[in-house]
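Structure record follows, encoded as structure tokens.
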Amino acid sequence: MKLQCDVEVVNRMLPSFGMKSRGKGTRAVLSIGKHMDKTAQRQGVFMMICTAKDRAGAKYKLKNNIEKFHTWFVEKGKATVRLKEPAVDICLSKADANSLKNFLSAARLADKGNDASSLPLSTLTPVRARDVEQPKKKLTIMSKKDYPLTSNFPYSLEQLQVSYCKLSRVDMRMLSLKALRKLDLSNNHIKKLPATIGDLSCLTELNLHNNQLEAFSEALCLSTLQQTLQVLDISQNRLRCLPAQFCQLRELVNLKLDNNQLACLPFHVGRLSKLRFLSAANNQLSGLPGDFRKLSLENLDLFGNPFIQANPLDHTMRLTFPLPLQELALRAVANLRIPYGPHLIPAHLCQELEVAKTCECGRTCVNYHIETAVNMNLHQVSHTVVLVDNMGGTDAPVQQFFCSLSCYSEFLDLVLQRSVR
């Protein structure tokens, strides 16, 4: 039984001499195995702690020698083993939680004097230098021949790049790296993302540039990535649309969507209030959602999209007279800000309210409205704008919705007055 972690051996007699422990662990390998007990003149079960300075290891008897286990923080990879003789506390930290639990279980059994044949014992031999190196924080793999097939990724990794390895899926071993902050899987052949990427609770940057993704799942948008993800690069893939829940990733600061097949941006893109850098060049965007006006960007690139020429007189009429009772009820819920949820109204109505439109008058419409498009200068939402086309333009069409004929008529009057001037 072996365990890699940080270890500090604290002598409990230090305070009586007015001394303090360092309070900082050293990288070590702990082993439980048989060793000759010189006092009893027979073999016993010992714990051996090997560090970079002492690779031969210090050995501690276990049978009837453990005073107490402190395991309050074992789920965080921390624990303390208090020995009777010598009077030391062995403080463990930065361990894999499951490996730590197994190691402590073996130590308990050894303390109780269980038959050694029933214990998962290791050979107590000096360790290699690489086994007690400081935890690796960053790893870059740029070719298939360097990709680890038999060994695991270092558990302590915070940054991992695996590019040009022809991966067709995300390796599940990567998803156990709980300290991971940056994951770069660019330039592979990945077609689908597992929802368990959302379990990487520290992930702030995810780079999936130049893969074969066809979808970005709703589950990822509703995972812990909502609280952590700041940089997302899914450019040069095969994406045709993004889910409405995409706008739940509200910590996003930098979003790259270039060179996909996107026909539209998420309806509530304006909810990405922290977004500062957005690039969606070379897609199939014919217009922008009305919510786009709410963005406050530093840099925007929408070059190479087939934007339509906006004409406020061209419109799509989705109104009936009188309005259906369901539409009136949904509008009332939205306009009066009445709380709702699947426990109160049918789930499909909740989904419809999630994509409710806002009229020029400020009121809400859901399924029945008039839709048109108006030109907007992109400098209204971004400090720096990459030209939309080769003609030097920075205007793009933005959706506009109207809840009634009277609202649309007032809007047309204003448009005509401006054109006369």
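The values are calculated or read from the model by the stated rules, or taken from the named source; none is laboratory data. Nothing here was measured: the structure is a model prediction, and the numbers come from that model. FYI the Cβ positions are ideal-geometry reconstructions off the backbone, even for glycines, and counts take in every protein chain you see. All accessible areas refer to the heavy atoms of the entire protein, side chains included, with ligands and DNA or RNA removed. Shrake-Rupley method; radii C 1.70, N 1.55, O 1.52, S 1.80 Å.
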Are there any pairs with C-beta distances below 7 angstrom linking a residue in region 62-78 that is more than 24 Å from A179 (Cα to Cα) and open to solvent by less than 20 Å² (accessible area, probe 1.4 Å) to a residue that is assigned to a loop (DSSP other than H, G, I, E, B) and modelled with pLDDT under 95, with the two at least 6 apart or on different chains, and if so which? N65/K84; N65/E85
Given (1) at pLDDT 90 or above; (2) closer than 18 Å to M1 by Cα; (3) in contact with a helix residue (DSSP H, G or I) (Cβ under 8 Å, 6 or more places away or on another chain), identify the lone condition not met by N65. (2)
How do the pairs read when you match residues in region 316-332 that are in contact (Cβ under 8 Å) with a residue 60 or more places away in the chain with residues anywhere that are open to solvent by 40 Å² or more (accessible area, probe 1.4 Å) and not in a helix (DSSP H, G or I), using Cβ under 6 Å and keeping only pairs 6 or more apart or on different chains? L319/Y368
When you look at P312, is it over 26 Å from the mean Cα position of the chain (by Cα), over 22 Å from L213 (Cβ atoms) and surrounded by fewer than 17 Cβ atoms within 10 Å (Cβ to Cβ), yes or no? no
Confirm whether A110 is closer than 19 Å to V9 by Cβ, of a type in the set (G, A, S) and assigned by the TED database to the domain that holds R27. yes
How many residues of region 83-98 are open to solvent by less than 60 Å² (accessible area, probe 1.4 Å), within 22 Å of Q134 (Cα to Cα) and in a loop (DSSP other than H, G, I, E, B)? The answer is 1
Return only the number of the condition from (1) farther than 30 Å from S201 by Cβ; (2) out of contact with any Lys or Arg (no Cβ under 7 Å at 6 or more places or on another chain); (3) loosely packed, with under 15 Cβ neighbours inside 10 Å; (4) of a type outside the set (K, R) that Q43 does not satisfy. (2)
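Residues checked against (1) farther than 27 Å from L387 by Cβ; (2) of a type outside the set (S, T, N, Q):
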| residue | (1), (2) |
| --- | --- |
| Q227 | yes, no |
| V231 | no, yes |
| Q236 | no, no |
| N260 | no, no |
Here is a check on your reading of the model: is L300 in a loop (DSSP other than H, G, I, E, B), in contact (Cβ under 8 Å) with a residue 40 or more places away in the chain and either outside the structural domain of L416 (by the TED database) or open to solvent by 60 Å² or more (accessible area, probe 1.4 Å) (or both)? no
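One line per residue, one yes/no per condition, for (1) under 30 Å from F216 (Cα atoms); (2) out of contact with any strand residue (DSSP E or B) (no Cβ under 9 Å at 6 or more places or on another chain):
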position: L257; (1), (2): yes, no
position: C264; (1), (2): yes, no
position: F277; (1), (2): yes, no
position: Q284; (1), (2): yes, yes
position: P289; (1), (2): yes, no
position: F292; (1), (2): yes, no
position: P306; (1), (2): yes, yes
position: M317; (1), (2): no, no
position: F321; (1), (2): no, yes
Per the filter on region 214-227, residues crowded, with 21+ Cβ neighbours inside 10 Å and of a type in the set (G, A, S) are S223
Checking A373 against (1) more than 28 Å from the chain's Cα centre (by Cα); (2) more than 28 Å from M317 (Cβ to Cβ): exactly one of these is not met. Which one? (2)
